[in-house]
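A.B. asks: Encoded as structure tokens, here's the structure I'll be asking about.
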Ligand code: PMT
């Protein structure tokens, strides 16, 4: 199944079939998906948020904010997070509101702002389902790309028998998997990107070198995410132990100078660049052809500046997208803003070594997006999730043009 590692947002509305939403959440979690649940107020009458939260392993969203502490539940963030939004059960009322863009609860505002594939599993009495208005609403939703999992025939809560029972959770799970398989977000189809990743290596002699702690994980995750959205990606990589991401062309380099040449040769014809590599700012001015022998006393190595790869792209950027990183240990925001201007980035992804779990090596990062419009900080999350945020930024950048 295509659900492993996917973010599935389950919407639950007020129907007796809400109990099946609990089983759906369990099926999705079992398949390795991360699940969040948004419920309408009416849904809470049929199944408790506690049940849903326990099964989803995440808190439930009902209101726009938590009345206890004012914590804002952003429908935009929920929609951005999701790879698929499935509303099961979907009542006639919710389907009608979706069809007409009514946004009077968190579930509906999330639907209107979601960029991911959306699926509905209707559940209602047979006469409501066969009513022409419901049919028209479903046809309208289908015409804007909403996937519909038809209800089944059988005994209904009213005691009547007919078509209107929500499809079984196992079947809906299969349909979500198929939907994701077929409708991977190809939002960057036809776009060409350069991504730099990993550490550069600056030789002192044939034995020793200067480098840093970058493993390439962050940059590789970005390359993979961009490629999964249909972009043609060339990954210019310093030394790493990572396998080449699927669908990505990889060019291996060692020094900052080599990385500069590789990037410069490919920038023309690209739509965007993501500069994630930890590039040495200095390299030994002379590289000894033989192993430097130790002698009495200290020694000094004279260093010279390396080319600033990102700044050189920024200088000839035009209307292309250029994203850079800032790895800081102090005065984070000020330094990131300086880099935004000096290197002519559209976005600086700031990560600080003062944040536990951020930066080099691990699978997580904690970043702040710094743009000319302001700053937005995100929680500690998987590098793959940071990569998605960056790809989503690229999506919206190209939508502007
Ligand atoms: O690889 P991982 O272990 O997953 O770690 C990820 C990371 C910490 C390396 C990554 O998240 C990160 O922060 N990368 C940028 C590291 C860095 O060199 O930052 P900087 O603030 O020194 O550089 C600013 C920007 O200019 C960066 O986009 C950098 O790629 C670029 N640069 C810097 C120097 C140079 N000579 N040429 C450049 O292009």
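The values are calculated or read from the model by the stated rules, or taken from the named source; none is laboratory data. Predicted, not measured: the structure shown is a model, and the values here were computed from it. Every residue, glycine as well, gets a Cβ built from its backbone with ideal geometry; the counts of neighbours run over all protein chains shown.
The rows are residues; the columns are (1) more than 31 Å from the chain's Cα centre (by Cα); (2) surrounded by fewer than 19 Cβ atoms within 10 Å (Cβ to Cβ).
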{"position": "131", "(1), (2)": "yes, yes"}
{"position": "135", "(1), (2)": "yes, yes"}
{"position": "141", "(1), (2)": "no, no"}
{"position": "145", "(1), (2)": "no, yes"}
{"position": "157", "(1), (2)": "yes, yes"}
{"position": "162", "(1), (2)": "yes, yes"}
{"position": "166", "(1), (2)": "no, no"}
{"position": "169", "(1), (2)": "no, no"}
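A.B. asks: Oh, and also: For the range 271-378, give me every one of the strands (runs of 3 or more DSSP E) that falls completely inside it and has 2 or more residues that are more than 14 Å from the ligand (Cβ to nearest atom) and either at negative phi or not assigned by TED's automatic domain parsing to the domain that holds residue 201 (or both).
C.D. replies: Here the list reads 374-377.
A.B. asks: For the condition modelled with pLDDT of 95 or more and outside the structural domain of residue 260 (by TED's automatic domain parsing), what is the one hit in 172, 201?
C.D. replies: Going through 172, 201 in turn, the sole match is 172.
A.B. asks: Out of contact with any strand residue (DSSP E or B) (no Cβ under 6 Å at 6 or more places or on another chain), touching a residue at least 12 places away in the same chain (Cβ under 8 Å), surrounded by fewer than 23 Cβ atoms within 10 Å (Cβ to Cβ) and farther than 12 Å from residue 278 by Cα: does that describe residue 243?
C.D. replies: On the way: out of contact with any strand residue (DSSP E or B) (no Cβ under 6 Å at 6 or more places or on another chain): yes; touching a residue at least 12 places away in the same chain (Cβ under 8 Å): no; surrounded by fewer than 23 Cβ atoms within 10 Å (Cβ to Cβ): yes; farther than 12 Å from residue 278 by Cα: yes.
No: the conditions fail for residue 243.
Here is a yes/no grid of residues against (1) assigned to a helix (DSSP H, G or I); (2) out of contact with any strand residue (DSSP E or B) (no Cβ under 6 Å at 6 or more places or on another chain); (3) away from the ligand (no atom under 16 Å from the Cβ):
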{"residue": "187", "(1), (2), (3)": "no, yes, yes"}
{"residue": "196", "(1), (2), (3)": "no, no, no"}
{"residue": "214", "(1), (2), (3)": "no, no, no"}
{"residue": "219", "(1), (2), (3)": "yes, no, no"}
